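Taking it in order: structure first as structure tokens, then the write-up.
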Amino acid sequence: MRNLNFQGLTSEEAARRLAEFGPNEQPKPPPPGIFAITLRTLKEPMFFLLAAAALLYLFVGDLGEGLFMVVGAGASITLVILQELRTERALQALNRLAQPTSTCLRDGVQRRIPARDLVPGDIIFVGEGERAPADALLIDGDALVVDESLLTGESAPVTKTLASEENSEEFLDPGGEHTPFLFAGTMIARGSGLAEVVRTGARTAMGNLGASLAAIESEPSPLQQRTGRLVATLGVFALIFCVLVFLAYWLVHGDWFEGALAGITLAIGLLPEEFPMVLAIFLALGAYRLAHRNVLVRRSSVTETLGSTSILCVDKTGTLTQNRMRVAFAVADGETTIDAPHHEDLTRMLIRAALRASSVNPVDPMDRAVHAFAADAGVAPEAAPIRSFPIRPDLLAFIQCWGDESGESYAAKGAPEAIFKLARVSDEDRTRLQLQIEDLAHRGLRVLGVATTPPLPRLPPPEAALFDFVGLLAFEDPLREDVPAAVAAAQRAGVAVAMITGDYPATALAIARQAGLDSATGVITGAEIAATPQELLPEKIRNVRVFARVTPTSKLALVEAFKADGHIVAMTGDGVNDGPALAAAHIGIAMGQRGSDVAREAAHIVLLDDSFTSIVAGVALGRRIFANLRRALTYVTAIHIPIAGVALTPILMGLPPLLLPAHVVLMELIIDPTCALVFESQPNEADAMLKPPHRRDEPLFGQRELWLGFAQGFVVFLAVMSVYVIDNGLGAPEPQARGLAFATLVVSNLILALSDALPRGASLFSRDNLAFWLVAGAASAMVAASLYAPLVSELLRFEPPSWPKLVPALTLAAIAGSWYGVWRRLLYPTPPGRRGDAALTADLR
């Protein structure tokens, strides 16, 4: 056996080795820089059109107008690039949060550190459901069963044995049986132990292959894919209309240059190129905001779904409770002992048996509680078991085999009914013990049974061994203080909360009552779920919110049943076997602090603090993201209607062109930051968490939003065209009528943005609207300069209108932009009470 140092490295030595060997992370391409983002931006159809207009001005038209187009297009591209960089920074921050962690020994203390900080020589804990964070040697613990298919392609797992001088001289390739070598990225399928890190980063077997297990999946969401196809289709139509307008203008007016400008202007007006940008920014920044609430989104598409959650299926331990287990009561020889560690004579045998049935290097909170219980009673742990038998769905007990001079013996700890079965407890004793279990469970305590076998020279398999029942341990795990308020907030929001636990039914009901869950319909056990046909299960569980003694298979059945009953299901999980249920749920939520790597990889969301309150806060923020994104997309639709309309209508009416490409560039300089900043920063409406969730089939942007955007845009179009036509009819010079109509378009656009973005009951001058006032101030300065600065007005072909004309035009613009907002606030007044985000925050404190 190797000379083991169970103190681990010192912090100073670890820092020195980290500087020498570098971080423990796999090779990955650098994030896109400014140059790559610029090239990607320039491939958009919008910028092809702007470039075409600038070239026309430079080589055929006025040089000053051409230079203005180049500067304007450059400013527009710069804004888009800045937004892309902002999105990229948010995604990089999420990836840093999603970095895997590892438990190691440093300075003799067990610590959980980022896996990238591991160095050769570190002593790490490895266990079932986790991926090996580096190439390492197994030096202590059980014989592990490891899935190395990531490296070998072989589906059959391999067995790992402890390192010795004979079998650890040379680090062999993956795939070998009965070797001590663990490889980075491979999954521990069974067992636990200690390993010494040998190779990190690019020097590992996975690093040599150039593989990387990405923590954040940034694939386009379904909505982004549909929107991309829509914009591409509209781009084709825009180019067709561009050509048609160019040909028509040339044939009718004989001016191909003005016809080309009119066609390009119309094409830009028809192309809603902001759609993909808005979606990318909202989903990335939404995920970033969620991460600040300890909700890490691994798949961006789930951001669209989070606010629609209608039922939260949550674990009890660590989610509703504090996950700080303490042995509160012990039952030995039929007597319940309070303050158990101080009754050594009565409980010493029970303590020793429970300690033998717990992991030597405890990670599970219950095993830690047993170790603490034993330490208080002065019972020291023994060296190491011969072998371990993990909990199985058909045997809810953890069993370890120990050897000494008198022979081998088993120690088992688990669900009382499983221990009763192993110990063949008589019906009379079972009835007596059951009363004690019920009494403890009604206090919200988790009860485990303990049994052992006498020493024998050779032991049969555990199921065939003759166990002796030793006693019961009752564990206390207090409810989190903020859970009742969070449950109440979820229920007010129309989100049902179901507790799914492996605990005893009476324990589950007691905790459910403390948390404020609906327990009037009682509890359903995993056995009842398994015995119910899947087609009848939705009706059976429809009104039940407490489920006990649930196995991973039953969890999956529950998810499918709730989905079949019409729910949007969010399911939490932390175990190796929770993967199928997490993947099947609309929103799988893995525990970040105590969850297995299997659960995290199957989940859509990782809960960084394992807190139920964070889930409810995430639902509230999901509703905010959904509402703001819907408003932004409606606004983008609305503002393109008047731009396209006023680009085409004057040509059809035989009037001089109203909009030129330079004017559209200026409009884009207003629209882009408005979409990306103003709408994204808005808070929830006052009653956001007092409404039921969205229907499952309700689209983010459907026909209702499309028609609403069209109606809002058409009103603005009528206002702008009315100003232009009337001023032309009154004999105003063409540049003056154009300038007056352009001012009307800009002001109505700003009022429309504020009207659509501002939640009901929110103040115009709150900090959330700072972005709007900055955009509005810049836009107002731009309009003033374009009308009253001679050099700029000449380039834009404007003349300043008189104040008697400007005041009614801007009044009409304010009416055209605000009518829907005023109507919405009159029809749906703000409910009394606190604002959505503030109310939720207050309730969850």
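Would you say residue 634 is modelled with pLDDT of 85 or more and in a helix (DSSP H, G or I)?
yes
Is it true that residue 493 is within 18 Å of residue 572 (Cβ to Cβ), open to solvent by less than 30 Å² (accessible area, probe 1.4 Å) and either modelled with pLDDT of 90 or more or not aromatic (Phe, Trp, Tyr) (or both)?
Working: within 18 Å of residue 572 (Cβ to Cβ): yes; open to solvent by less than 30 Å² (accessible area, probe 1.4 Å): yes; either modelled with pLDDT of 90 or more or not aromatic (Phe, Trp, Tyr) (or both): yes.
For residue 493, the condition - within 18 Å of residue 572 (Cβ to Cβ), open to solvent by less than 30 Å² (accessible area, probe 1.4 Å) and either modelled with pLDDT of 90 or more or not aromatic (Phe, Trp, Tyr) (or both) - is met.
Modelled with pLDDT under 75, touching a helix residue (DSSP H, G or I) at 6+ places or on another chain (Cβ under 6 Å) and crowded, with 18+ Cβ neighbours inside 10 Å: does that describe residue 263?
Values: modelled with pLDDT under 75: no; touching a helix residue (DSSP H, G or I) at 6+ places or on another chain (Cβ under 6 Å): yes; crowded, with 18+ Cβ neighbours inside 10 Å: yes.
In short, no.
Would you confirm, using the coordinates I've provided, whether residue 636 is among the β-branched types (Val, Ile, Thr), under 17 Å from residue 317 (Cβ atoms) and in contact (Cβ under 8 Å) with a residue 12 or more places away in the chain?
Judged against the criteria, residue 636 is not a match.
Going by the conditions given, is residue 786 open to solvent by less than 30 Å² (accessible area, probe 1.4 Å) and not hydrophobic (A, V, I, L, M, F, W, C)?
yes
All but one of (1) in a loop (DSSP other than H, G, I, E, B); (2) among the hydrophobic types (A, V, I, L, M, F, W, C); (3) surrounded by fewer than 22 Cβ atoms within 10 Å (Cβ to Cβ); (4) free of Cβ contacts under 8 Å to residues at least 40 places away in the same chain hold for residue 527, so report the exception by its number.
(1)
Among the residues of the stretch 105-122, what is the count of those that are of a type outside the set (A, V, I, L, M), within 11 Å of residue 11 (Cβ to Cβ) and open to solvent by 60 Å² or more (accessible area, probe 1.4 Å)?
Matching residues across the stretch 105-122 total 2.
Under 7 Å between Cβ atoms, which residue pairs at least 6 apart in sequence (or on different chains) link something in the stretch 505-523 that is of a type in the set (Gly, Ala, Ser) with a partner that is open to solvent by less than 40 Å² (accessible area, probe 1.4 Å) and part of a helix (DSSP H, G or I)?
506/441; 510/441; 515/483; 515/487; 516/487; 516/488; 519/509; 519/512
Considering only the stretch 696-709, state which residues are closer than 30 Å to residue 488 by Cβ and free of Cβ contacts under 8 Å to residues at least 12 places away in the same chain.
697
Within the stretch 420-432, is even one residue open to solvent by 10 Å² or more (accessible area, probe 1.4 Å), assigned to a loop (DSSP other than H, G, I, E, B), farther than 24 Å from residue 191 by Cβ and not small (Gly, Ala, Ser)?
Within the stretch 420-432, one or more residues are open to solvent by 10 Å² or more (accessible area, probe 1.4 Å), assigned to a loop (DSSP other than H, G, I, E, B), farther than 24 Å from residue 191 by Cβ and not small (Gly, Ala, Ser).
Yes or no, residue by residue, for (1) out of contact with any strand residue (DSSP E or B) (no Cβ under 8 Å at 6 or more places or on another chain); (2) farther than 20 Å from residue 699 by Cα:
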{"position": "270", "(1), (2)": "yes, yes"}
{"position": "284", "(1), (2)": "yes, no"}
{"position": "305", "(1), (2)": "no, no"}
{"position": "316", "(1), (2)": "no, yes"}
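Out of everything in the stretch 345-389 that is assigned to a loop (DSSP other than H, G, I, E, B), out of contact with any strand residue (DSSP E or B) (no Cβ under 6 Å at 6 or more places or on another chain) and without any contact (Cβ under 8 Å) to a residue 40 or more places away in the chain, what residue ends up being nearest to residue 445 (Cα to Cα)?
Checking each candidate, the answer is 364.
Can you tell me how many residues within the stretch 1-15 are surrounded by 13 or more Cβ atoms within 10 Å (Cβ to Cβ) and modelled with pLDDT of 70 or more?
5
hydroxyl-bearing (Ser, Thr, Tyr), at pLDDT 85 or above and open to solvent by 10 Å² or more (accessible area, probe 1.4 Å) - does that describe any residue in the stretch 571-593? Can you show your working first?
Kept after step one, since they are hydroxyl-bearing (Ser, Thr, Tyr), are these residues of the stretch 571-593: 572.
Now narrow it down to the ones that are at pLDDT 85 or above: 572.
Within this subset, residues satisfying the condition of being open to solvent by 10 Å² or more (accessible area, probe 1.4 Å) are none.
No, because not a single residue in the stretch 571-593 is hydroxyl-bearing (Ser, Thr, Tyr), at pLDDT 85 or above and open to solvent by 10 Å² or more (accessible area, probe 1.4 Å).
Looking at the stretch 134-151 only, could you name the residues that are open to solvent by 10 Å² or more (accessible area, probe 1.4 Å) and touching a Leu at 6+ places or on another chain (Cβ under 6 Å)?
Matches in the stretch 134-151: 140, 141.
In the stretch 652-662, is there at least one residue being at pLDDT 85 or above, closer than 16 Å to residue 797 by Cβ and assigned to a helix (DSSP H, G or I)?
Checked against the condition, which is being at pLDDT 85 or above, closer than 16 Å to residue 797 by Cβ and assigned to a helix (DSSP H, G or I), the stretch 652-662 yields no hits at all.
For the stretch 499-524, give me each residue that is within 13 Å of residue 551 (Cα to Cα) and in a loop (DSSP other than H, G, I, E, B).
Scanning the stretch 499-524 gives 501, 502, 503, 504.
Within the stretch 659-695, take every residue that is closer than 19 Å to residue 620 by Cβ and charged (D, E, K, R) and give me the one that is surrounded by the fewest Cβ atoms within 10 Å (Cβ to Cβ).
Within the stretch 659-695, the match that is surrounded by the fewest Cβ atoms within 10 Å (Cβ to Cβ) is 695.
When you scan the stretch 736-833 for helices (runs of 4 or more DSSP H) that lie fully inside it, which ones turn up with 3 or more residues that are under 17 Å from residue 667 (Cα atoms) and at pLDDT 85 or above?
770-788, 803-827
Do you know which residues across the stretch 544-555 are over 27 Å from the mean Cα position of the chain (by Cα) and more than 11 Å from residue 497 (Cα to Cα)?
Scanning the stretch 544-555 gives 548, 549.
Give 556, 472 a once-over and let me know the one that is touching a Gly at 6+ places or on another chain (Cβ under 8 Å) and either buried (at least 18 other Cβ atoms within 10 Å of the Cβ) or not in a loop (DSSP other than H, G, I, E, B) (or both).
After applying the criteria, what remains is 472.
The values are calculated or read from the model by the stated rules, or taken from the named source; none is laboratory data. None of the values given here were measured: they were computed from a predicted structure. So basically every Cβ, Gly included, is an ideal-geometry build from the backbone, and we count neighbours across all protein chains shown. Protein only, heavy atoms only, side chains kept; ligands, DNA and RNA dropped before computing areas. Shrake-Rupley method; radii C 1.70, N 1.55, O 1.52, S 1.80 Å.
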